[in-house]
Structure formats: C-alpha cells, structure tokens
Amino acid sequence: MKILLISKWVAGATRGDFFYPGAWRDTYELALALTNERLEVAILTSQVRPEHKSRFRLEFGLSLRKSNIKHYFAPTYSAFGAEWGLVRLKLFLAELRTLWAFHPDIVQYMQFGASLLYPWLKGIPLIFYSCYLFAPYANEKKDLAAKRLDWGIPDTVLNKFWLMGWNLLYLCLSYLFGAMTLPQMAKRGALFALMHEKGFQKARRQFGRTTSVAYIQKGVDLPHAVLDPRNLKRPNDKILFIGSILYGKGIFDLLEAMRLLQKKLPHVKLTIVGTGPESLVQQMLAFIKIHRLNVTYEGSKHYQYKWKLYDNHTIFCLPSYSDAYPSVILEAMAVGLPVVTTDAVDSPVTHDRSGLVVPVGKTEALSNAMYQLLTETNKRQKMSQAETREVIKYSWVQTAKQFSKFYRELLQSNT
C-alpha cells in the first residue's frame with residue numbers, strides 16, 4: 001500500500017532561525033511510523049530555504065532516506081500572508097506531478113486546508129488529519145502581523161496587485177472543482193481524521209452526517225520514555241519552555257509569570273527553546289533584559305536535542321492560548337517532566353494528577369502553579385509517575401497501526 005502525506009509546512013521553511021512547524025513534526029514522525037507497518041510512504045511539502053538545507057538534511061533527510069521515504073518538494077516556500085493563492089497553486093501543480101510519479105493508494109493532508117485535487121483523484125481516498133479546536137485569541141493579530149513582516153513577501157503596491165490576481169484565480173478554481181472550507185471539503189468527499197478527542201467530538205457533531213469522521217490520536221516518540229522517573233536526578237529550580245515565540249504560545253505570559261515568581265524564588269531559572277518572527281524574538285529579549293529575568297534563550301536547537309533538555313529541567317510550561325495535543329507536552333509527559341499548561345490547551349494533562357492546568361491569560365495563577373511544583377518535591381514525583389503511566393497509550397507506533405487499519409478498511413470499501 002502506498003501512502004502520500006502532504007504538508008504545506010516543512011522545517012527550515014522560513015527566513016531567520018531554523019523553525020519547526022508542528023505540522024511538519026507530525027508528518028515526519030507519522031511517516032517513519034507508517035514504514036514500520038510495511039507501508040510505502042512519500043511526503044510532499046513546500047521547499048526548505050537554501051540556508052537551511054544542510055541542517056534539514058542532517059536532522060530529517062538522512063532518516064527519511066534510511067527509511068526509504070521519498071520526499072517531494074513543491075517549487076515554493078510556505079505562505080504567511082497575501083501570497084497564499086500563488087503558493088497553493090504551485091503546491092497543487094506539485095501534487096499532480098507527485099500523483100503521477102508515485103501512484104498512491106491513499107492521499108493524506110496533514111492539516112485542514114484548501115485543495116484542488118478532488119477531480120484528479122479518481123477514486124483515491126482523500127484524508128485530512130488535523131486538529132480542530134482553534135478559536136481567536138488575544139493578540140492573534142500581532143502574531144499574524146509579525147509573521148507577514150518577517151516571513152512573508154514584501155508588502156509593496158505592485159506585489160499586492162500581482163498577488164491579488166493569483167488569489168482570485170485560486171478562488172475561482174476552488175469554486176469550480178476544489179474546496180476552501182471544511183463544509184466544502186466534506187461535500188467533495190474528503191474524509192476527516194482528528195488527532196485529539198475534543199476536536200473529534202466537535203467535527204463529528206458538525207460534519208458526521210456529511211462525511212466520515214474518525215479519531216486517531218496523535219503519537220509521541222516513546223523510545224525516549226522514562227519508565228521510572230524516580231531514578232532521574234533533576235535540578236530543583238529550572239523551568240523549560242519549547243515552542244514558537246508567539247503570543248499564541250503564551251510566551252509573554254510566561255515571562256510576566258517568571259517576573260512574579262522570581263520575587264518568591266530569586267534563583268529560579270527559565271530556559272526558552274524555539275524561534276519565531278524576529279520582531280517578536282527581539283521584543284521577548286527586551287522584556288527579559290528590562291526586568292532582569294533569569295532566562296536563557298537558546299533559540300532553535302537540533303530536533304533530537306530536546307530530550308536532553310527535558311531531562312535537565314524540573315518542570316515544563318506551555319501556557320498557550322490555543323493548542324491541541326502539542327507534541328512538546330506529550331514528550332514532557334513521556335519523560336516524567338511535570339507540566340504546567342492552560343485550560344485553552346487540549347492535552348492529556350489531568351489537573352493535579354499529571355500536571356497543573358491554569359486559566360489561560362492569568363499570569364498570577366501561572367506563577368503560583370510553577371511555584372507549587374518547584375517547591376513540592378513529593379508532588380512532582382507523584383505527577384511524574386502518573387504522567388509516564390498515562391502517556392504510554394500515546395505512541396506513534398499505535399497511531400500508525402490505527403491508520404494502517406483505517407487505510408485498509410477504506411480501500412476495501414471502495415472495491
């Protein structure tokens with residue numbers, strides 16, 4: 001059986017520091033897991049920027065080649081603004097070429113999104129595997145503006161008119177034989193697979209009468225899991241954040257909470273790993289300097305280096321405004337690192353059992369939660385044990401087995 005995974009995102013697709021989009025992480029991990037099910041897998045993504053190609057090859061390319069996974073690239077970079085129509089058209093043409101070159105039995109997008117593929121599939125099942133929970137959040141416009149400024153095409157009058165033409169063309173083609181929205185996708189016959197429970201329930205209520213909606217939980221790389229976290233010797237005063245430098249990830253809430261926390265625990269330390277639009281990175285660094293926070297910003301680190309980071313910190317914090325089963329929370333749980341997150345995040349964290357969940361946007365509550373875990377060793381140890389028992393259910397191996405069964409049932413029903 002041949003499976004084609006399509007993602008408009010890929011690591012190293014942006015200017016500046018090396019960026020790891022969540023959709024690419026999921027694509028990469030699922031592709032590797034599917035090959036263990038003896039499936040032939042190919043990936044289609046946008047291009048990696050020239051300055052990041054050598055790093056991409058070392059972190060991902062060699063593993064893909066070792067697993068005999070073909071990686072096709074569309075002749076475009078990821079879109080962050082007005083260029084979306086042109087990017088989608090280039091991706092569509094690459095999708096057609098890949099269909100003819102690879103001859104897949106299943107085509108699977110790794111996010112909900114627009115597509116023009118429907119008339120060319122000729123009976124090939126089309127699946128969208130994604131989260132479905134997101135809602136507007138405070139300062140979302142600032143995130144979008146920063147992405148467009150630092151990662152998008154220069155905003156000139158000539159560019160605007162040129163891109164508007166491509167966008168209009170894509171809209172017309174989508175109206176004729178494609179789909180832009182989830183209701184349109186469902187009517188065209190696309191199948192939905194959700195990677196988290198709340199998203200599945202929401203999608204089933206809205207689209208269950210129109211198309212098939214399945215729940216196939218997102219996985220985590222369990223070979224790195226710690227079976228007994230009591231054997232680990234971790235520091236008592238180090239907080240870890242791994243994620244994009246965006247308002248939506250709650251990074252600025254975390255810094256304010258850190259300012260409050262240092263008044264109670266002067267020696268507490270925070271490590272920030274990740275990257276984002278340069279304007280937001282500089283804003284973050286300025287806040288750290290002005291308030292003299294004990295924060296180390298490490299930028300973008302090697303994909304596998306994260307496991308050392310988890311082992312060398314006391315707790316993990318991700319105070320997002322909108323997130324569904326973030327990989328970093330699953331990874332922290334897999335190594336028994338207690339998690340502090342918000343009620344806007346759909347994750348396996350159970351409040352006061354495998355972590356602490358605070359109201360989103362409440363920096364004082366966030367600070368208090370981190371203080372509680374940093375100062376109560378017994379509580380941390382109990383949470384570590386509860387986490388590792390819980391997360392054992394969330395492996396990419398299990399996800400791949402579920403998908404393999406799902407694919408075979410689809411193909412059998414089509415014969």
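Bear in mind that the values in this text are calculations on the coordinates, not laboratory data. Just so you know, these numbers come straight off a predicted model, no measurement behind them. Note: ideal-geometry Cβ built from the backbone for every residue, glycine included; neighbour counts use all protein chains shown.
List the lysines whose Cα sits under 16 Å from the Cα of Lys382, skipping any in the same chain fewer than 8 residues away.
Within the straight-line limit of under 16 Å, Lys382 reaches these lysines: Lys233.
Cut-off 20 Å, label point 7 angstrom out along Cα-to-Cβ of Ile290: give me the residues of segment 356-382 whose amide nitrogen falls inside.
Answer for this model: 361-364, 367.
What percent does the relative contact order of the chain come to when contacts are Cα pairs within less than 8 Å and at least six residues apart?
The normalised contact order for the chain reaches 16 percent.
Dividing the convex hull volume of the alpha carbon atoms of segment 222-391 by its residue count, what do you get in Å³ per residue?
Residue-normalised Cα hull volume stands at 96 Å³.
For Trp162, project a label point 7 Å along Cα to C-beta. Then give me every residue of segment 85-107 with its amide nitrogen under 17 Å of that point.
In segment 85-107, the label zone of Trp162 (backbone N under 17 Å from the point 7 Å along Cα→Cβ) covers 85-90.
Treating only the Cβ atoms of Lys and Arg (+1) and Asp and Glu (-1) as charged, compute the dipole magnitude of segment 222-391 about its Cα centre; round to the nearest 20 debye.
Taking the Cα centre of segment 222-391 as origin, the dipole is about 620 debye.
Roughly how many nanometres apart are two label points built 7 Å out from the Cα toward the Cβ at His351 and Lys53?
So the label points at His351 and Lys53 sit 5.1 nm apart.
On a straight-distance basis, which lysines could pair with Lys141 in a cross-link, Cα separation under 21 angstrom, same-chain partners fewer than 8 positions away excluded?
Excluding near neighbours in sequence, the set is Lys160, Lys249, Lys362.
Going Cα to Cα from Lys142, which aspartates and glutamates come in below 15 Å? Please leave out same-chain ones fewer than 8 positions away.
Leaving aside aspartates and glutamates fewer than 8 places away in the same chain, those within reach of Lys142 are Asp150, Asp253, Glu278.
Kindly provide the Kirkwood hydrodynamic radius of segment 282-357 in Å, to one decimal, from all pairs of distinct alpha carbon atoms.
Result for segment 282-357, one decimal place: 13.7 Å.
Hey, could you pull the Cα Rg and Dmax for the chain, both in Å?
Rg and Dmax of the chain, Cα atoms, are 21.5, 67 Å.
Taking the Cα centre of the chain as the origin and placing charges on Cβ (Lys, Arg +1; Asp, Glu -1), which of Phe287, Thr350, Leu93 is farthest toward the positive end of the dipole?
Farthest along the dipole direction, towards plus: Leu93.
How do the peptides 379-389, 270-280 rank, highest first, by the average count of neighbouring beta carbon atoms within 10 Å per residue?
Put in order of decreasing packing, that is 270-280, 379-389.
Using a Förster distance of 41 angstrom, determine the FRET efficiency expected from the C-beta separation of Thr377 and Ala138, and round it to 0.05.
0.75
Around Thr14, what is the net charge, scoring Lys/Arg as +1 and Asp/Glu as -1 over all other residues with Cβ under 11 Å from its Cβ?
Neighbour charge sum, excluding Thr14 itself: -1.
Of the listed pairs Lys269/Lys308; Lys53/Lys90; Lys218/Lys238, which have alpha-carbon separations greater than 22 Å here?
Table pairs above 22 Å Cα-Cα are Lys218/Lys238.
Using only Cα atoms, find the angle between the long axis of helix 22-35 and the longest principal axis of the chain, and express it within 0 to 90 degrees, rounded to the nearest 10.
The answer is roughly 70 degrees.
Compare the peptides 250-258, 169-177 by average per-residue count of other Cβ atoms within 10 angstrom and give them in order, highest first.
Descending packing order for the listed peptides: 250-258, 169-177.
Round to the nearest 10 and give me the degree value, 0 to 90, for the angle of helix 140-151's Cα axis relative to the longest principal axis of the chain.
70 degrees
Can you tell me the length gained on complete extension of the stretch Trp307 to Leu62, counting 0.36 nm per residue apart and subtracting the Cα distance?
Contour length minus the Cα-Cα distance gives 86.2 nm.
What FRET efficiency would be calculated for the residue pair Arg209, Phe177, taking the C-beta separation as r and a Förster radius of 30 Å, to the nearest 0.05?
So, using R0 = 30 Å, E works out to roughly 0.80.
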